[in-house]
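Derivation of every value follows stated rules applied to the coordinates shown; laboratory data play no part. Please read all numbers here as calculations on a predicted model, not as lab measurements. So basically every Cβ, Gly included, is an ideal-geometry build from the backbone, and we count neighbours across all protein chains shown.
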Amino acid sequence: MRKFNFCAGPAALPEPVLRQAQEELLDWQGLGCSVMEVSHRSGEFTTVAEQAEQDLRDLLGIPDNYKVMFLQGGATAQFSAVPWNLFGAGSKQADYIHTGQWADKAINEARRYGEVNIVASSEDRNFSYAPAADSWEESADTAYFHYTPNETIGGVEFPYIPDVKSPLIADMSSTILSQPIPVEKFGFIYAGAQKNIGPSGIAVGIVRDDLLDRALPDIPRSLSWKIAAEAQSMDNTPPTFAWYLSGLVFKWLKAQGGVSAMAELSLKKSGLLYDFLDRSAFFSSPVSTESRSRMNVPFVLADDKLDKQFLQESEEAGLLNLKGHRSVGGMRASLYNAVSLEAVEALVAFMADFERRHG
Ligand SMILES: *Cc1c(COP(=O)(O)O)cnc(C)c1O
C-alpha cells in the first residue's frame, strides 16, 4: 500500500507515473526491452527526449531564445557550472543572496573561481526569512546575480523575483513547476529533478542563449552549457531512465492543469498546514510569515522530548519522512506537486490528534 510521503528529496512521485513506468518496464513501445536498454541515440529515445523538452517548454512558457538542458551532477554540479560558464567575459565578480544552506554551497563554489559579493543575508535571524527587496542593492560590476528562490532546508521562499540588470540566476530545485514563472526575467534557471520533477540523477537547466559564450577558457567539458546545448544534452550518455520518467511527470502535470493549477493547489496545501500551526498551542513554524515556503514546511513541537514519539506515531499512521533536516532538527513536511491535498489533510488530522493526547 502506498503511504503519504513528505520526503524533502528524493521525493514522492505521482502514482499514475509510477504505474505507467511499471507497465512499460519489461517491454517498452513493443521493442521487447525496457527504455533503459536502448541507445540514447535511437529514434525511440530521441522522441522521449524531444517530447520531454517540448512539454517542459509548454509548462513553463519558455521563450525560443532559451536552451533547455537535461544535465548530470545534480544542482550541485551547477553550483560550479554557474561561475565556470559566466566568469569568462570580463567581470569575475558575482552577487549572491545568502539565505541558508543551499545558497551557502553555491556561494562557496563561486568563491573558488572569482569574487562573491553577499548583497543580502538572513543569517542574523537563523535564515528564517527572505531579505526584503528594498534591503539590498546589486553591485556595479557583477557577472551575474544568484539567489535561491526556495531554501529547501529552512523552508524559506522568496515572495518576489529580484529585479536586477545582470543575468539573474536561480536555483529552483525545490520550487520549479510549482507556479508560473516569467522565464524571460532569468538568465539561467536550474533544478535537480528529485524534488519537483522526477527521480534523482538528472537536473534541468534553462539558459538564455546569449549567455553561452561567457565561459572560462579551461571549463571542464562536462560543465559547459554551450557543449550541452549544442549536443542536445547528449555529449555523453544521459541518464535515460530519469529523463524518461521526468517526461512522464511533465505529461502528468499537463493533465492536472499545468503550473497554474499546481500554484493554486500548493497554496491550498501549505495554507492548511500553516493555518493549523498558527492556531496550535503545541506546534509552531519557525519561519517568518511573509517568507513561508509553499513547498517545504518546517515545524517544531513545544516539547522536543516528544520528537521521537511524534516521528514514530506518524510513521505508524502512514505519514512518511517528517523528520527535519539533520542540521536544524524538528520536523519538515515537503509538499511538492505529487503530494496530494488528501495527504496534507491526513497530516493535519494526525497532528491535531497528537496535540490532544500530548499537548
Ligand atoms: C536538493 C537541493 C540541492 C542539491 O541538489 P542535488 O541534486 O543533490 O545536487 C540544491 N539546491 C536546492 C535548493 C535543493 O533543494
Whole-Hz ³J(HN,Hα) from phi, Karplus 6.51 cos²θ - 1.76 cosθ + 1.60, for the range 214-226, glycine and proline x: 10, 7, 4, x, 9, 4, x, 3, 6, 9, 6, 5, 4
If each DSSP helix of 4+ residues adds -39,500 (n - 2.57) and the sum is divided by the residues in the chain, what number results at 222 nm, nearest 500 deg cm²/dmol? -11000 deg cm²/dmol
Running a GNM on the chain with Cα contacts under 10 Å, which residue among Phe45, Phe158, Phe250 ends up with the highest mean-square fluctuation? Phe45
Taking a point 7 angstrom from the Cα of Leu18 along the C-beta vector, which residues in the range 183-218 have backbone N less than 17 Å away? 194-200
Sequence order, the range 111-121: Karplus ³J(HN,Hα) from phi using 6.51 cos²θ - 1.76 cosθ + 1.60, θ = phi - 60°, Hz rounded, Gly and Pro as x, gives 4, 6, 10, x, 9, 9, 9, 7, 7, 7, 8
What does the extension gain come out to for Asp134 and Arg41, with contour length at 0.36 nm per residue minus their alpha carbon separation? 28.5 nm
Taking placed amide H atoms and a strict 5 Å upper bound, the residues 5 or more places from Asn5 or on another chain that come that close are Leu320
Extension length gain for Arg356 and Ser34 (0.36 nm per residue less Cα distance), in nm, is 110.9 nm
Extending each Cα 7 Å along its Cβ direction at Asp275 and Gln54, get the distance between those two points in nm, one decimal. 4.1
Go ahead and collect, in residue order, the members of the range 286-312 whose backbone nitrogen is under 11 Å from a label point 7 Å along the Cα-Cβ direction of Arg125. 287-292
